[in-house]
Amino acid sequence: MKILADYSVTELQEMLNLPKFRVKQVFDAIMQAKDYNQTTIPKKMYEELQQEYILKPVEIFEIYKSSDGTKKYLLKLWDNNIIECVFLTQNYGNTICMSTQVGCRMGCKFCASTTGGLIRNLSAGEMLSCIATVSADNGKCNERNFTNIVLMGSGEPFDNYDNVVKFLRLITNEQGFNVSERNISLSTCGLVTKIYDFMKEELNVTLCVSLHASTDEVRKTIMPIANAYTIKEIVDALRVYSATTKRRVVLEYCLIKDVNDSFEDCKRLSELFKGITCHFNVICLNPNGGSLKATTKKEAYAFVAKLESLGLSASLRRSQGSDINGACGQLRAKRLKEIEE
Ligand code: SAH
């Protein structure tokens, strides 16, 4: 079976061998997250299409609403896999936080997405359909109701590199959602060789790297990827990336009590990132019930102030939707466990 959302309009035209206006109907259905029977395509025609092509690979399984307006979606894929997607309302425009894989194999100690490992990659069209589904559920028909997309849900985008790049090209296509590249952020745990590859794609998206430590020793204890790449290699790649793309890079830094939250860490970070156009997005750990504990809000503010006093740009990110298991993969992990039981 082929997923129609994996193709651009031009590709659909070549592949489907249908009149232009029919292809347009198919394409509009993809964008509005509709299934065959919700379109004006004649029954006989869509029954034929259905044999070979999936039009709606994603449907809403459950929605959780937070008191702060955040909506967390559990989405069911055509093969019954479940993934998460979050709709965040903000005064500067709504943001959709999306997953790039079912599960994840990066094994970060603090992250719930990785429990259960990687099940499979999402295709470009599946990612696009997640966006279409959540957008349609929050807006008027034919109108997109979000400004920003962050690839910060479950999965490691650079572990699904080709599909993610294809998705970015589809979602920014003028004939599609036409999302501005500048309004997209991609977060990676730091697959250095892929950072260099990504630079060559000339996609103007904001690159975020989950750093979470100022020394390789500490990073290795919480992020297995640190055994493959050193912090120095990440810093070097980001220096080139920001100089080449003229884009500010973002470092994500999740504060874990007594692990990575000392002023010594601030000093090392300021040395490492001297001269690189970057911003530190600091967040307090959202505990998963393991041994790792969160740094207090007060200490977190002091950490951010220290980074700033050392010349780095930094801010404490407020955590939205924590009352609905808002952190990465928490809701999926919890519901899968419940469904199993
Ligand atoms: N694989 C990518 C993107 C997914 S995670 C990456 O590693 O960047 C998005 C961000 O949420 C990452 O910075 C990740 O480290 C962070 N995160 C995951 N679990 C968290 C938790 N329990 N508390 C705080 N941040 C968390």
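The values are calculated or read from the model by the stated rules, or taken from the named source; none is laboratory data. Everything numeric here is computed off the predicted structure, so don't read it as measured data. No Cβ is skipped: glycine too gets one built from the backbone with ideal geometry, and neighbour counts run over all protein chains shown. All accessible areas refer to the heavy atoms of the entire protein, side chains included, with ligands and DNA or RNA removed. Shrake-Rupley method; radii C 1.70, N 1.55, O 1.52, S 1.80 Å.
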Worksheet item: Can you pull out the residues in the range 277-301 that are assigned to a strand (DSSP E or B), more than 10 Å from the ligand (Cβ to nearest atom) and of a type in the set (A, V, I, L, M, F, W, C)?
Response: C278, F280, V282
Worksheet item: Out of curiosity, is T188 in contact with a strand residue (DSSP E or B) (Cβ under 9 Å, 6 or more places away or on another chain) and open to solvent by less than 10 Å² (accessible area, probe 1.4 Å)?
Response: yes
Worksheet item: Which residues, taken from the range 29-44, are touching a residue at least 24 places away in the same chain (Cβ under 8 Å) and either more than 17 Å from E126 (Cβ to Cβ) or part of a helix (DSSP H, G or I) (or both)?
Response: A29, I30, M31
Worksheet item: For the range 192-231, what are the residues that are within 21 Å of V150 (Cα to Cα), open to solvent by 10 Å² or more (accessible area, probe 1.4 Å) and either within 13 Å of the ligand (Cβ to nearest atom) or touching a residue at least 60 places away in the same chain (Cβ under 8 Å) (or both)?
Response: K194, T206, S210, H212
Worksheet item: Would you pick out the residues in the range 258-275 that are within 14 Å of the ligand (Cβ to nearest atom), out of contact with any strand residue (DSSP E or B) (no Cβ under 6 Å at 6 or more places or on another chain) and open to solvent by 10 Å² or more (accessible area, probe 1.4 Å)?
Response: V259
Practice prompt. Look through the range 166-191, keep the residues that are part of a helix (DSSP H, G or I) and more than 13 Å from the chain's Cα centre (by Cα), and return whichever of them is farthest from N148 (Cα to Cα).
Written response: K166
Item to complete: Check T89, T95 and return the single one that is under 25 Å from F146 (Cα atoms), surrounded by fewer than 18 Cβ atoms within 10 Å (Cβ to Cβ) and not charged (D, E, K, R).
Response: T89
Practice prompt. Being open to solvent by less than 50 Å² (accessible area, probe 1.4 Å) and under 15 Å from L312 (Cβ atoms) is the filter here, so list the residues in the range 232-254 that pass it.
Written response: V235, L238, S242, V249, V250, L251, E252, Y253
Worksheet item: Looking at the range 30-73, which of its residues are basic (K, R), within 18 Å of I131 (Cα to Cα) and open to solvent by 20 Å² or more (accessible area, probe 1.4 Å)?
Response: K34, K56, K65, K71
Worksheet entry | Residue ranges of strands (runs of 3 or more DSSP E) in the range 77-165 with at least 2 members within 13 Å of the ligand (Cβ to nearest atom) and aliphatic (A, V, I, L, M) | 82-88, 148-151
Worksheet item: Any chance the range 1-14 includes a residue that's open to solvent by 30 Å² or more (accessible area, probe 1.4 Å), modelled with pLDDT of 95 or more and not in a helix (DSSP H, G or I)?
Response: yes
Practice prompt. For the range 75-82, indicate whether the set of residues that are crowded, with 17+ Cβ neighbours inside 10 Å and in contact (Cβ under 8 Å) with a residue 60 or more places away in the chain is non-empty.
Written response: yes
